[in-house]
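Following: one structure in structure tokens, then a few remarks.
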Amino acid sequence: MSDQSSGGDVAGARADADADQAAVNALRSAVMRLGRRLKHQRVDESLSPTEMSVLGTLARCGSATPGELARKEHVQPPSMTRIVALLEAKGLVRLEPHPDDRRQKVVSQTEQAEAMLEESRRKRNAWLSTLAEGLDEDEWAKLRAAAPVLEKLAHL
């Protein structure tokens with residue numbers, strides 16, 4: 001009898017692993033498609049997705065050194081230096097001396113960047129809200145429950 005229950009446990013674990021893999025595959029595909037569609041809802045088409053991401057990181061996390069931004073954005077420091085220079089030239093960030101290390105600079109977003117990000121969020125939220133009008137109450141409940149989990153995954 002224990003062999004059957006043990007075999008059942010293995011089969012159940014395999015079924016769970018298969019279901020988990022299918023969920024991961026569906027999540028990846030859906031997030032990629034939704035992300036591509038959201039990118040088309042940008043306010044300023046002159047900014048790259050990476051530049052927008054850096055501005056979003058500054059909005060969420062506050063001022064940072066280029067090295068800290070590079071780590072948060074998962075890019076090499078020389079790439080971040082170029083991105084920061086482009087954003088500074090567009091008036092979206094300012095560089096200030098680091099309070100503790102004179103060799104470093106601190107990157108902060110400008111009021112212009114804050115306004116642009118707010119408009120971008122408003123436009124994307126409106127687009128998503130319109131899209132979500134097609135969801136029923138059960139789907140809304142699932143979306144509300146999934147949102148914190150997706151947020152956590154986005155920041156791991």
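The values are calculated or read from the model by the stated rules, or taken from the named source; none is laboratory data. Because the structure is predicted, anything quoted here is derived from the model rather than measured. Ideal geometry is used to build each Cβ from the backbone, glycine not excepted, and the neighbour counts take in all protein chains shown. For accessibility, only protein heavy atoms count, side chains too; no ligands or nucleic acids. Shrake-Rupley method; radii C 1.70, N 1.55, O 1.52, S 1.80 Å.
Assorted remarks:
- Count - residues of the range 7-51 that are farther than 30 Å from E118 by Cα and β-branched (V, I, T): 2
- Per this entry, R42 is not counted among residues that are open to solvent by 60 Å² or more (accessible area, probe 1.4 Å) and modelled with pLDDT under 90.
- Of the residues A85, A132, the single one that is within 21 Å of E151 (Cα to Cα), free of Cβ contacts under 8 Å to residues at least 40 places away in the same chain and surrounded by 11 or more Cβ atoms within 10 Å (Cβ to Cβ) is A132.
- Qualifying residue in the range 3-18 (condition: modelled with pLDDT of 90 or more, open to solvent by less than 90 Å² (accessible area, probe 1.4 Å) and in a helix (DSSP H, G or I)): no
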